[in-house]
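Step one of this worksheet: look at the structure below.
The values are calculated or read from the model by the stated rules, or taken from the named source; none is laboratory data. Every value quoted in this text rests on a predicted model; they were computed, and no experiment measured them. Cβ placement follows ideal geometry from the backbone for every residue including glycine, while neighbour counts extend to all protein chains displayed. Remember, those area values only see protein heavy atoms, side chains included, never the ligands or the DNA or RNA. Shrake-Rupley method; radii C 1.70, N 1.55, O 1.52, S 1.80 Å.
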Amino acid sequence: PTGYMENSISYSAIEDVQLLSWENAPKYCLQLTIPGGTVLLQAANSYLRDQWFHSLQWKKKIYKYKKVLSNPSRWEVVLKEIRTLVDMALTSPLQDDSIHQAPLEIVSKLLSENNNLTTQDHESIIVAIAPLLENNHPPPDLCEFFCKHCRERPRSMVVIEVFTPVVQRILKHNMDFGKCPRLRLFTQEYILALNELNAGMEVVKKFIHSMHGPTGQCPHPRVLPNLVAVCLAAIYSCYEEFINSRDNSPSLKEIRNGCQQQCDRKPNLPLRLLHTSPDLVSQEATLTESRLKPVIVTSNEIHVEVERNNTANQKMTANVGNDSEPNLIDCLMVSPTCSTISIELSAQADRILGCYVEILKMLSDYDDWRPALASLLQPIPFPKEALAHEKFTKELKYVIQRFAEDPRQEVHSCLLSVRAGKDGWFQLYSPGGVACDDDGELFASMVHILMGSCYKTKKFLLSLAENKLGPCMLLALRGNQTMVEILCLMLEYNIIDNNDTQLQIISTLESTDVGKRMYEQLCDRQRELKELQRKGGPTRLTLPSKSTDADLARLLSSGSFGNLENLSLAFTNVTSACAEHLIKLPSLKQLNLWSTQFGDAGLRLLSEHLTMLQVLNLCETPVTDAGLLALSSMKSLCSLNMNSTKLSADTYEDLKVFL
């Protein structure tokens, strides 16, 4: 044929490719030899011509290797061809992802079609393709092959020498395991293989440390989310196998939602979890006829009692038409006769669970990872079966303790629920919660840290009074100082309306030395408060410049300020600590804090108590977005000066909506 190309030429038909050039003519051509003649391709420049040349050479060789490796006869020959293929990919001048990915896909297909390889063949192939894995993720079929090797030969040196850099690259660069689930599964099996070595979790710990790095800040932002994703998937798999192993019995999820047998669906009812004790079942069977007989749903290792009392019926009626999932704590309401249920995992599932819960503990020990870890775990992303499993909640308690001990608000605030109507770690590990296995020590620790930073102190106290007043009083009775302070605050803020309950709290406080001392201090403060709020005194007050918090406290304790409406603290040295005195001024409408050290903590307290404030000057104060957002609850505010503060544009727009 002559002239221009009218039909395409297949790569397999190309017999040879040569570069052509002429000394006197600046033409850049390629000559393709095909059956029956040659084809001349002219490029615009030498760079494009060279790109065509190497691309054609690459395609021609790839087709050759695909054909050779599609019908393997002798594995020693196949291994030699794989090595040659890898060398070709590594030495190619072409810069394209497919240059390294194509050989991996060829080997992946070869392995998926040949399952009868020996262990030695396995390791030889893995070692041969290792150079390509340094900068490329393995394809899905190759991941399956690697997983199989990790399961069958966890102590092989290939796991340490070849798989370690591959897994490190996955954890550092992978963006979404949802699109590449087999990468996650391979990472999961690799970590389990490390755990099978003689040193066990020490090897895993060194691997985690290598991923974090020697400095105090991990330089790779994707490592933690990827590790948490692997842990969550592994923990879920433990209970998934446990549920699927049951025959002819409802799954735990169905039981949690109030179902009985799969063929007999009932509306959602409160559940009470019981030990698998025959004596316990017999005792329930002999209850008096005055109470409606409960229905016992029995599976191999768990008994769940569905209570049919009037209260349950009322709750059920209230939830009619609501398709949302029942409250977790309601569904796992622990019987007074027991605290946990019996879940027996297989030996393999138990090892997996122990390994990955231990990894979560390791992650919580890194200060820079803890805020992100707390945020990832705040929605409680574990199956309900895990939360009902004593071993799991007992081991995970270490992680929750680390969150409760961290002074940073972005960490310990994640102990609370992610949104209203959902349960958080605070509910699960508080007395009466399904995960509580102590006398309230962790609960007291969580309350202490949350009270120190929670700007909605009054709301938090109200929730404690409604849901956890009994445990608070019990711990206060045992001398817990945090709970004594909580009870005093409930009395000081008038959280408790019932007189009998107030008297019971006072009796509890007076039963211990620390409680008696704090209650006496509370009484003194209340007397001073009444004197302070007594009608009379000035309507306007200006403190001299350079005044301190102590000066303000002495001034307000010197007389009555029930009529004070305008207070100027401009150019003084007061801080957020003075907010405790400012909230006691019932008539305050205008407050000037210009050029003071009044910060976010004080602003949060003002927003909760001074609801009648109309004018607030925060010019040149160190307040930030975190504190300024709290002002959205001050509906009476008419004038707000935020000049020369750290106010952001987004917070400014939010405040304009609320104020």
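Among W594, W369, what's the order by accessible area (1.4 angstrom probe), most exposed first?
W594, W369
Need one number: nm distance between label points at I9 and N641, each 7 Å from Cα along Cα→Cβ, rounded to one decimal. Placing both labels 7 Å beyond Cα along the Cβ direction yields 8.3 nm. Each Lys and Arg contributes +1 and each Asp and Glu -1, all at the Cβ; summed about the Cα centre of segment 404-452, the dipole is approximately 340 debye.
Packing here is the average count of other Cβ atoms within 10 Å per residue, and on that basis the peptides 595-603, 89-97, highest first, run 595-603, 89-97. For segment 532-603 versus segment 367-414, the inter-centroid distance based on Cα atoms is 40 Å. Taking 18 Å as the straight-line reach from the Cα of K530, the aspartates and glutamates in range (excluding those fewer than 8 positions away in the same chain) are E492, E520, E565, E580. Across segment 92-206, the mean sequence separation of Cα contacts (distance under 8 Å, 6 or more residues apart), normalised by length, yields a relative contact order of 27 percent. Near L30: Cβ cut-off under 15 Å, other residues only, Lys/Arg at +1 and Asp/Glu at -1. The net charge is +1. Between K172 and S375, the FRET efficiency estimated from the beta carbon spacing at R0 = 25 angstrom works out to 0.80. Taking a straight line from the alpha carbon of K109, these lysines sit under 26 Å away, with near neighbours fewer than eight places off in the same chain left out: K59, K60, K61, K64, K66, K67, K80, K148, K179. Note on K391: lysines with a C-alpha under 24 Å away, same-chain residues under 8 apart excluded, are K205, K253, K361, K422. Note: relative contact order over segment 336-463, using C-alpha pairs below 8 Å and six or more positions apart, is 22 percent. First select every other residue whose beta carbon is under 13 angstrom from the beta carbon of E196; then total the charges, Lys and Arg +1, Asp and Glu -1. Net of charged neighbours comes to +1. Across segment 6-19, coupling constants 3J(HN,Hα) worked out from phi with the 6.51/-1.76/1.60 Karplus curve, θ = phi - 60°, read 10, 10, 6, 10, 6, 4, 5, 7, 6, 8, 7, 10, 9, 8 Hz, and Gly and Pro carry x.
Compute the Cα gyration tensor for segment 335-472, then decide on rounded, prolate or oblate, letting a ≥ b ≥ c be the square roots of its eigenvalues: rounded whenever a/c is under 1.5, prolate when a/b is larger than b/c in the other cases, and oblate in all that remain. It would help to have the intermediate numbers written out before the result.
Values: a/c = 2.11, a/b = 1.27, b/c = 1.66.
Oblate, because a/c is 1.5 or more while a/b does not exceed b/c.
At R0 = 41 Å, how high is the FRET efficiency between D365 and R517 if r is their beta carbon distance? Nearest 0.05 is fine.
Efficiency, from the Cβ-Cβ distance: 0.65.
Between L40 and Q217, the simple label model (points 7 Å from Cα in the Cβ direction) yields a spacing of 6.2 nm.
For K148, the shell of other residues with beta-carbons less than 14 Å away shows a net charge of -3, using +1 for Lys and Arg and -1 for Asp and Glu.
Starting from segment 487-573, pick out the GluC sites (Glu not before Pro) whose DSSP state is loop and whose Cβ has at most 13 other Cβ atoms within 10 Å. Answer by residue number: E510.
Rounded to the nearest 0.05, the FRET efficiency derived from the C-beta distance between K64 and Q348 at R0 = 60 Å is 0.85.
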